[in-house]
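Structure record follows, encoded as structure tokens.
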Amino acid sequence: MNFDLTLEQDQLRDAVRALGRKYGHGYFVAKAKAGEHTTELWHEAGRLGYLGVNIPTEYGGGGGGITELAIVCEELAAAGCPLLLLVVSPAIAATVINKHGTDEQRKRHLPGLADGSQKIVFAITEPEAGSNFHRLGTVARRDGDDWLLSGRKCYISGVDEAGHVLVVARTEDAATGKLKPALFIVPTDARGLERSKLDMEIVSPENQFLLYLDDVRVPADALVGESLDAGLPALFSGLNPERITVAAMGAGTGRYAIERASEYTATRKVWGGRSIGSHQGVAHPLAHAAVQVELARLMIHKAATLYDAGRDLEAGISGNMAKYAAGEAAALAVDTAVQALGGAGMTTEYGVATLLGAVRAGRIAPVSREMILNFVAQHVLGQDKSY
Ligand SMILES: Cc1cc2nc3c(=O)[nH]c(=O)nc-3n(C[C@H](O)[C@H](O)[C@H](O)COP(=O)(O)OP(=O)(O)OC[C@H]3O[C@@H](n4cnc5c(N)ncnc54)[C@H](O)[C@@H]3O)c2cc1C
């Protein structure tokens, strides 16, 4: 058992931390409040090679794995810049295209994903289906060599920043019964694809959208993979990277909040000469949150290691557990930090309450805590499926 990062991974962690601190949470919040994107940070991270760490070198990436991408996600979040699109574009889209796309799709999309000049977002959630992906209603039907896509998607992150959206649909002849998904790489400016921005109570420069697909015509080579059989494995291949990187983002956010609060409580004095942090009623909740975050980090490390070793089934269990643990730990850490900061905790200046919405959403998306508990109950504890 090895808990040490390699020298390269350590160096990556230090370098990403430095980049994150150069921008910081103030930058992240200012962009969010101005309705702008973190374009400068994204492009600089791309130029430095951090967005493509998990993409093969032949496509301009770093040739690493999800361990490296999780480091990037965690360290940017730990600097107060939790970038959800890291989870969507390099973690999900790049993995799906790299593992299951055609040669042509890899050549066309991976270099842009690696240097950050291109973003591909991911659309699976639908208003009617929700957590039950088997009910997906977005349908793809053949029209000559082309495909026509129709349906609705909701909560789709980053559509306004992306050149393409990876749409999960079902084919017409598989409209009922067990889901046989097909994935399509659809330009965000395709005719018939409309979007409307959702008002979310999350302070974030990244937005969520409703998508309406009305006979969106895409060519045959928009289908991910050589045939429809690629759909299910392609969809599943995105899940572990998504869970592991979103967990890393949660752990980084938890670290950030605890650090902000600890700095404050170590110096704030309202009872004579002693800091408020010397009172266990203040320090213990922070220490407890720090323990939860560290436990989540351990599980993230395990899940990423298993995934990069090609042990997908075990990585699935650890990745789900890591996502659950990090989601809970991040929410606890931010809430505890707000409390320890007192009134300052609710100010924009101290930069902690600004994360309340994001960490709350982290217990729901991309997979809810309840669906993970269902998964663990069924696949680890051998219980009958409850739904
Ligand atoms: C900030 C944010 C960003 C997002 N980005 C994207 C994106 O980029 N792409 C995308 O495709 N989706 C995205 N989503 C959607 C997200 O993945 C879904 O919100 C999530 O999967 C839950 O689906 P739902 O909202 O329809 O909840 P529902 O399925 O309606 O569930 C509502 C509640 O019931 C619980 N529940 C449902 N079924 C069961 C059951 N069988 N047992 C126990 N409890 C159950 C759920 O856990 C949840 O708490 C995003 C969501 C958010 C909040």
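Summary of computed values
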{"item": "Note, ³J(HN,Hα) from phi for the range 211-221, Karplus 6.51, -1.76, 1.60, rounded to Hz, x at Gly and Pro", "result": "10, 10, 10, 10, 6, 6, 8, 10, x, 3, 7"}
{"item": "Span from the the range 96-146 Cα centroid across to the the range 343-366 one, whole angstrom", "result": "31"}
{"item": "Normalised per residue, the volume of the convex hull around the Cα set of the range 81-240 (Å³)", "result": "109"}
{"item": "Distance cut-off 15 Å, percentage of C-alpha pairs in the range 47-88 lying past it", "result": "38"}
{"item": "Partners for residue 197 among aspartates and glutamates (Cα-Cα distance below 13 Å; same-chain residues under 8 apart left out)", "result": "160, 161, 206"}
{"item": "Rounded to whole Å, sorted largest first: equivalent-ellipsoid semi-axes of the chain, Cα gyration tensor", "result": "36, 21, 21"}
{"item": "Amide hydrogen neighbours beyond the local backbone of residue 224, cut-off 5 Å, H modeled", "result": "183, 184, 185"}
{"item": "Unit Cα scatterers, Debye sum, the range 332-376: log10 I(q)/I(0) for q = 0.16 Å⁻¹", "result": "-0.50"}
{"item": "Ranked 227, 89, criterion: other C-beta atoms within 10 Å, fewest first", "result": "227, 89"}
{"item": "Nearest 10 degrees, 0 to 90: helix 280-308 Cα axis against the chain principal axis", "result": "30"}
{"item": "Cα centroid separation - the range 1-32 against the range 60-76, whole Å", "result": "10"}
{"item": "Rel. contact order, % - alpha carbon contacts under 8 angstrom, at least six apart, the chain", "result": "16"}
{"item": "Cα Rg, Dmax, the range 17-166, angstrom units", "result": "16.6, 52"}
{"item": "Karplus-derived 3J(HN,Hα), 6.51/-1.76/1.60, for each residue of the range 327-335, Hz, glycine and proline x", "result": "x, 5, 5, 5, 5, 5, 5, 5, 4"}
{"item": "Cα centroid separation - the range 208-249 against the range 258-332, whole Å", "result": "31"}
{"item": "When each of 31/119; 153/385; 33/153; 31/99 is checked by Cα-Cα distance, pairs over 29 Å", "result": "31/99"}
{"item": "Per-residue ³J(HN,Hα) for the range 230-240, Karplus 6.51 cos²θ - 1.76 cosθ + 1.60, θ = phi - 60°, Hz, x for Gly and Pro", "result": "6, x, 5, x, 5, 4, 5, 5, x, 6, 5"}
{"item": "Burial ordering of 135, 195, 255, fewest other beta-carbon atoms within 10 Å first", "result": "135, 195, 255"}
{"item": "Equivalent ellipsoid semi-axes - Cα gyration tensor, the range 7-81, angstrom", "result": "23, 14, 9"}
{"item": "Relative contact order (%) - the range 222-315, alpha-carbon pairs under 8 angstrom, separation at least six", "result": "26"}
{"item": "Helical mean residue ellipticity (222 nm; -39500 (n - 2.57) per DSSP H run of 4+; nearest 500) of the chain", "result": "-16000 deg cm²/dmol"}
{"item": "The range 1-101, relative contact order [Cα under 8 Å, separation at least 6], %", "result": "31"}
{"item": "With Cα atoms, 0 to 90° folded angle of helix 7-33 axis to the chain main axis", "result": "90"}
{"item": "GNM result for the chain, Cα springs below 10 Å: residue of 285, 241, 111 fluctuating most strongly", "result": "285"}
{"item": "On Cα atoms only, tilt of 103-115 relative to the major axis of the chain in degrees", "result": "20"}
{"item": "Per-residue Cβ neighbour rank within 10 angstrom, fewest leading, 154, 81", "result": "154, 81"}
{"item": "Low-density loop cleavage sites - GluC sites (Glu not before Pro) in the range 256-360, where at most 12 other Cβ are within 10 Å (DSSP)", "result": "349"}
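Any read-out appearing in this document is the output of simple, stated calculations on the displayed coordinates, not a laboratory observation. These numbers were taken from a predicted model, which means no experiment stands behind them. Cβ atoms come from the backbone with ideal geometry, glycine included; neighbour counts cover every protein chain shown.
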